[in-house]
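Right, one structure below, let's go through it.
FYI, it's all coordinate maths here, none of it is from the lab. These numbers come from a predicted model, not from an experiment. Note: ideal-geometry Cβ built from the backbone for every residue, glycine included; neighbour counts use all protein chains shown.
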Amino acid sequence: MTNKIIETRNLSYHFGVSKVLDQVSLRVEAGSIYGFIGPNGAGKTTCIKILLNLLQTDNNQVFLFGKEFKNNRTNILSRIGSLIEQPALYHHLTGRENLKNRAQLLEIPTSRINDILTLVDLSEHADKKAGKYSLGMKQRLGIGLALLPDPELLILDEPTNGLDPNGIIEIRNLLRKLVYEMGKTVFISSHMLSEVEKMVSHLGIINQGKLVFQGSLEELHQISKKQIVIKASRPIDAKELLSKMGYIAELVDETIFLPFQTNEQVAKINQLLLSNNHSVYSLSQSQENLENLYLTITQ
Amino acid sequence: MDDYNSPLGHWLKYSSVILGVNCIFLLPLVIIFQCFSINNIEHRDDMWKSLFSLPIPRWSTYSAKFFYLLLLNGLYLSLLAIFIIISATILDLLKPEYKFNEFNFSAILFKLHLKLFLVSTSILSIQFLLSLVWSDFLKPMGIGLLLTVFGVIAANLSWEYAFIIPYSHPMITLNDFSSNTSYLGVNLSAVDLMSKEIWFSLAVAGSTYIIGYFVIRNRSVK
């Protein structure tokens, strides 16, 4: 039996007359890194704010750790660490003071502060005012604040915003460590698939308020089309030949693309081209790029 | 020695200047600033979303801020009373002929400030709610100042129903104190802690506190 950490049931939400979320049913399993992706304005942040009870919804639509949110708000929030949009920090306090303030609010031992500072690589800048931090440092402090209570579930809204490539890799490694070594669950949103593709185990793709795909990364790969990529001596003639034989071939920049099902099909296509005096320079298999697939889904 | 130049007379003359400024203008203005500051720290750094996503009941956050404000206001009024006493003591050293030390004015002064604290809780609760709802300074300050001017005019015109305007309460308190004291003598009964403006103020504060709680409970952080 799978243990669902986050579950929404046909969640819809309106801002005035515009529908921001339309029947969204999220399923996030324990121990996964769930990437919640979609273009800007697709409804990601709204959905995350509902998951944290910052936006009010009807009862029995949002369940976390198997419990209905509204009736178990404090208990549920005590098991979550979150970072929404730009990190909310007291800019007149130092990084350490921000963490101390949060630790006191949550009645957590302040001894954890140094560990968190080391974890997010801010030990050297701990006593600098948060207002003087760079965007990347603010983002890391925000993640540190989210990690402070040692939560079971981490909800991060575009945490890599403003981070340089090294910073993104560090965050990626940190999240992997949290999930695979420390048994946490991470729900991370992004508007770029390429940013989360390398770390997530599951994906939810949202577009215009609708969840258009949800499943594991393998499942997403399965729906992406397999293609043969052919470079031949006379590509226009070759394409016409293949079309005449019933294949759905496409010619782009003197390269022929056509979908296939089995390896035998690939061999047959090769034989067909050779027997009709076409010189085949290269013939390879490829899968549609996930980023292209994502763009196709969200268009 | 005439009464006007008695030690009590000097105390009354000296304190009335400070108390007048405080009750007409300073106290409401300080409250407006205190309420703005305590909520602005969350508005400015976009902290509401962070605070409300913590496992702390919203009423705790709301109540903590409200009671901290009460504490701040109590501190302000206590410090003002202490300042009047200390400055009068220093004046007594420089000008011994005023004989401030021959009359103990402290108890009356503190009781008067206690009353000011109680009657100003309504202003505080209203301003707290306004600053909670609006993140900018202009709206709460504009409304607060307008009502303060209206309250001071109503109190000074001795309008029968002036007590229903919370912002008139400090001025009514001062006017009552002035009419109950004379240079001949004064005692603690000059400050009435059972007056209708106190009860009205506490009722307004209680109601506004409850309204504010429902505002914050159902508030969406967009």
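With the simple model of a label 7 Å out from the Cα in the direction of the Cβ, A:Ser111 to A:Gln261 spans 6.5 nm. Straight Cα distances below 21 angstrom link B:Lys196 to the lysines B:Lys111, B:Lys115, with same-chain residues fewer than 8 positions distant left out.
Among beta bridges from DSSP that stay inside the protein assembly as shown, the antiparallel ones total about 65%. Take every Cα pair under 8 Å whose residues are at least 6 apart in sequence, average their separation, divide by the length of the range B:7-217, and the relative contact order is 31 percent.
Summarising the label geometry, the points placed 7 Å from Cα in the beta-carbon direction at A:Lys67 and B:Tyr161 lie 5.0 nm from one another.
Among B:Tyr209, B:Asn22, B:Ser53, which residue has its Cα furthest toward the positive end of the charge dipole of the range B:7-217, with +1 on Lys/Arg Cβ and -1 on Asp/Glu Cβ? Checking the options against the dipole of the range B:7-217, the answer is B:Ser53. Over all Cα atoms in chain B, the spread is summed up by Rg and Dmax: 19.7, 69 Å. From least to most packed, judged by other beta carbons within 10 angstrom and beginning with the fewest, B:Thr61, B:Thr121 follow the order B:Thr61, B:Thr121. Only lysines eight or more places from A:Lys4 in sequence, or on another chain, were considered; those with a Cα closer than 24 Å are A:Lys44, A:Lys49, A:Lys67, A:Lys70, A:Lys177, A:Lys184, A:Lys198, A:Lys210. Could you identify which residue out of B:Leu94, B:Leu138, B:Leu116 has the top mean-square fluctuation in a GNM of chain B using Cα springs shorter than 10 Å? Checking each option, the largest mean-square fluctuation is seen for B:Leu94. Working note: Karplus 6.51/-1.76/1.60 with θ = phi - 60° gives the range A:17-30 the couplings 9, 8, 7, 9, 10, 10, 6, 7, 10, 7, 9, 10, 8, 4 Hz, where Gly and Pro are set to x. DSSP assigns beta bridges within chain A; of those with both partners inside it, close to 65 percent run antiparallel. Taking the fewest neighbouring Cβ atoms within 10 Å as the starting point, the ordered list for B:Met47, A:Met137, A:Met182, B:Met171 is A:Met182, B:Met47, A:Met137, B:Met171.
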